[in-house]
Every structure is written in structure tokens, then in C-alpha cells.
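Undergrad: I have a structure I would like to understand better, so I am pasting it below and will then ask my questions one at a time.
Read-outs throughout are calculated quantities, based only on the coordinates presented, and are distinct from any laboratory measurement. If you're wondering where the values come from, they're calculated on a predicted model, not measured in any experiment. Cβ coordinates were reconstructed from backbone atoms using ideal geometry, including for glycine residues, and neighbour counts include every protein chain displayed.
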Amino acid sequence: MKKPIADHAARFSEIAADYDDEQNSEEYEACAGLVIRRAAPADTDTVLDLGTGTGAIALALAGDAARVVGRDVSDGMLERAREKAADAGIGNVEFGYGEFRDPQYDGEAQIVTSNFALHHLADDEKREAIETWAALDGGGTPARSDSVGPRRIVLGDVMFFEEPDPEEPFYSPEVDDPATVGSLVEMFTTAGYAATNVDRVSDQVGVITAERVVAGGRES
Ligand SMILES: C[S@@+](CC[C@H](N)C(=O)[O-])C[C@H]1O[C@@H](n2cnc3c(N)ncnc32)[C@H](O)[C@@H]1O
């Protein structure tokens, strides 16, 4: 991580009031739209949205899911997310403090989402985060040994399809640390997931959909 978590939290709290108005790029819109579409929760699912910010993904999924839990390190962004939920009359979302590698959530999560946020972590930290998500309670039946792991993880983020180019949007080397698409897919594979979709939004923005691997009729 190029900056401590507290620095990221403070930086986002400062811009929380204007954050939504500034997310008007085609790439952000496309990435968020794909994360929402690929998450596709059932009405019985709980979604855990990490790096939730002002709740763009969490609030959009609340209508389809049973429950959405948003976690972030920035109090200012979380406060804005709560205001938006209240203004929209959305009651099945809950926002609170949580970090990618320590979401501070011990309930069930059938689906994990994260949009435009994980690139703040270094690659070894991203790997730890993905392994943490894979070990969450996916809400299966313990008797079937499939209670470990959400069934789907959807990661939209800055990621490199080509050589890193700081001249292109969304990559500021002083604060961002994006991974290559190949590294992220390998991290999901190692954690017991198969990348079932890789959507290329631009050379430096994409969405990976990863599904928990099912082997021989039993989920891993
Ligand atoms: C660019 S915003 C994206 C917000 C939202 N997901 C969206 O699509 O608009 C990145 C968010 O990641 C959060 N963040 C940064 N580092 C984090 C960490 N280690 N754990 C959890 N959230 C983090 C920031 O506070 C910020 O709200």
C-alpha cells in the first residue's frame, strides 16, 4: 500500500460530499454498471460490498438482494452512504467500518462486490484480501461442507490489461497500486474461484467475476 489506510480514509472523507458528482466518467459508469449486473443477487442473498464509499454499488443492489452490508474505512464516505439510503427509503442496507483484509463482518455473504477500491492495496495485500473474502461464511449448509466461501465475487477496478500508463486516466502512481488482470485472476484461482467473466472496460479498467469452484458435485 502506497499510503497508510488512515491517509486513504482521510482523503476520501474530505471529498465525500462531492464524490458522487465527480464520478461521471464513461469508464466509472461502465465499471459500476457491470459490477451491478454481474453480481446479480437472488432475493435471498446477502451482498457484502467492500470499499463501498458512498454506496453506489450497495444501494443499487439493495432492491434485488435480501440484505446488503457495506464496509469502508472512511467515516465521511460511510456517512454519505447512510444519508443516501435514508433519503431513498432503503432499509435493507447497513454501512459500517471495515477494511478489505478485515471487513469486520461475521455474518453470511453469498456475494462479495468491490468497485474502484482494491487498487489502493499492494498485490500481496490484495491476495490476503481475496483469501479473507473466500473464507467468509457463504451461507451454505454445513452438512454439505459448502458453507465456506461466497458463491460469487465481483471485482471492478483499475487493473492493467496492457503495460501501466500513468498518462491514462485512473492510475496515479503516488496513491494507486493496480495489479495486472493476470495476477488478479491467479489470486482468485488460488483462493478456490474460477474467473467466469473478465470484462475489459478500457486498457486500465475491468471487471472480474469469480465463482466458487465446484468439483465432482461438491463445492471446494
Ligand atoms: C474510489 S472509492 C470507490 C467507492 C465505491 N465503491 C464506488 O464505486 O463509488 C474507493 C473507496 O475505497 C475505500 N478504501 C480505501 N482503502 C480501503 C481499505 N483498505 N479497506 C476498505 N476500504 C478502503 C475508500 O475509503 C473509498 O471510499
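Undergrad: Take the alpha carbon gyration tensor of region 2-121, find the square roots of its eigenvalues, order them as a ≥ b ≥ c, and report rounded if a/c is under 1.5; if not, report prolate when a/b exceeds b/c, else oblate.
TA: Rounded shape, in that the Cα axes give a/c under 1.5.
Undergrad: So, one more: Under a cut-off of 20 Å between alpha-carbon atoms, report the lysines in cross-link reach of Lys126, not counting same-chain residues fewer than 8 places apart.
TA: Those lysines meeting the cut-off are Lys2, Lys3.
Undergrad: Follow-up. Report the trypsin sites (Lys or Arg not before Pro) located in region 1-37 that are in a DSSP loop and have at most 15 other Cβ atoms inside 10 Å of their Cβ, or state none.
TA: Here the sparse-neighbourhood loop sites are Lys2.
Undergrad: Would you work out which of Ile5, Val213, Phe100 lies farthest towards the positive end of the dipole of the chain? Charges go on Cβ: Lys and Arg +1, Asp and Glu -1.
TA: Val213
Undergrad: Starting from the 7 Å offset along Cα-to-Cβ, what nm value, one decimal, do you get for the label separation of Tyr97 and Ser172?
TA: Output for this residue pair reads 2.5 nm.
Undergrad: How high is the relative contact order of region 5-219, in percent, counting Cα pairs under 8 Å that sit 6 or more residues apart?
TA: Answer for region 5-219 is 19 percent.
Undergrad: Normalised by the residues of region 144-214, what does the relative contact order come to in percent, with Cα pairs under 8 Å and at least six apart? Please list the in-between numbers first.
TA: On the way: 102 pairs, mean separation 29.6, N = 71.
42 percent.
Undergrad: Continuing with the same structure: Once the Cα gyration tensor of the chain is found, what semi-axes does its equivalent ellipsoid get, as square roots of 5 times the eigenvalues, in whole Å, sorted largest first?
TA: 25, 22, 15
Undergrad: Additional query: What number, rounded to the nearest 500 deg cm²/dmol, is the helix-based mean residue ellipticity at 222 nm of the chain, given -39500 (n - 2.57) per DSSP H run of at least four residues and division by all its residues? Spell out each step's value before the answer.
TA: Working: 6 runs with 74 residues, N = 220.
Value at 222 nm, helices only: -10500 deg cm²/dmol.
Undergrad: What range in the chain is the longest one free of GluC sites (Glu not before Pro) that are in a loop by DSSP and have at most 15 other Cβ atoms within 10 angstrom?
TA: The answer is 1-161.
Undergrad: Which whole DSSP H helices in the chain pass both tests: a Cα extent of 15 Å or more along the axis and a mean Kyte-Doolittle value no lower than -1.0? Present the calculation step by step, with values, prior to reporting the outcome.
TA: Values: long enough: 5-22 (24 Å, -0.56); 26-39 (20 Å, -0.06); 75-88 (20 Å, -1.03); 123-134 (16 Å, -1.62).
Qualifying helices, which must be both long enough and hydrophobic enough, are 5-22, 26-39.
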